[in-house]
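Heads up: the structure comes next, in structure tokens.
The values are calculated or read from the model by the stated rules, or taken from the named source; none is laboratory data. As the structure is a prediction and not an experimental result, all values here were calculated from the model. Neighbour counts are summed over all protein chains in view; Cβ atoms, including those assigned to glycine, are modelled from backbone coordinates with ideal geometry. Accessible surface is based on the protein model in full, side chains and every heavy atom, while ligands, DNA and RNA are left aside. Shrake-Rupley method; radii C 1.70, N 1.55, O 1.52, S 1.80 Å.
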Amino acid sequence: MSEQQPNPYTSDPAGQGGQPGTPATPGQGDYKWGPGEASYGYPQPYPAPPAYQPTIGGAGIPAPAHHAAAPVGGAGLSLGDITIAGDQIITPSGNMPLRGAMWNATDFSRTEEKIPPHAIVLAIIFFLFCLLGLLFLLMKQKTTTGYIQITVTSGGRHHSTMIPAVDAYTYQWVMSQLNYARSLSM
């Protein structure tokens, strides 16, 4: 048989279990189920904000009262359901700070080029009459389908939106708007 080892998780330094001064019963420690006091990893109450804001001129100077910044002059930029107004990014999932925002765009669109059906019909008709109908097969029709995905991450929040691609130049337009938003985020 083996000898019972002391419980390393008990607060009793002798390893006997139980409360000090009480007789130890074999196989029972002082383990209690459930959360104890808050410790590392548990939510902590937020500390009180400082009464002053340290400045380069010297510490202890009272900070001016901060008021919520109202957007000046309306929206500066709008991409799908993401709007930049003042120093905030407004999304359906909540407001985010503009400063330090990370912007990304992914192109999920494609452009296809094909011969339209009316060109095939005209090529057959004019081939029978004047042998120039094959020139109608040079007609091409471009169609763009898909979406451009825009994601923004700021202040611990993340939002994504999709913009439909209407032509082959939609991605370039979105990237120019995105680069402007990136310049505002610095």
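With all protein chains present, how much of the accessible area of region 99-144 (probe radius 1.4 Å) comes from carbon and sulfur, to the nearest whole percent?
67 percent
Count Lys and Arg as plus one, Asp and Glu as minus one, and take only other residues whose Cβ is under 10 Å from that of residue 143; the net charge is then 0.
What the phi angles of region 114-121 give under the Karplus curve with 6.51, -1.76 and 1.60, with θ = phi - 60°, is a coupling list of 8, 7, x, x, 5, 5, 5, 5 Hz, glycine and proline written as x.
What dipole magnitude, in Debye to the nearest 20, does region 75-169 give about its Cα centre under +1 on Lys/Arg Cβ and -1 on Asp/Glu Cβ?
That gives a dipole near 100 debye.
Take region 115-186 with all the other protein chains still there, run a 1.4 Å probe, and you get 67 Å² of accessible area per residue.
Per-residue Karplus couplings for region 159-168, computed as 6.51 cos²θ - 1.76 cosθ + 1.60 with θ equal to phi - 60°, are listed in order as 9, 10, 9, 10, 10, x, 8, 9, 8, 5 Hz, Gly and Pro entered as x. Between residue 173 and residue 87, what FRET efficiency comes out of the Förster formula 1/(1 + (r/R0)^6) with R0 = 25 Å and r the beta carbon distance, rounded to 0.05? Using R0 = 25 Å, I get an efficiency of 0.50.
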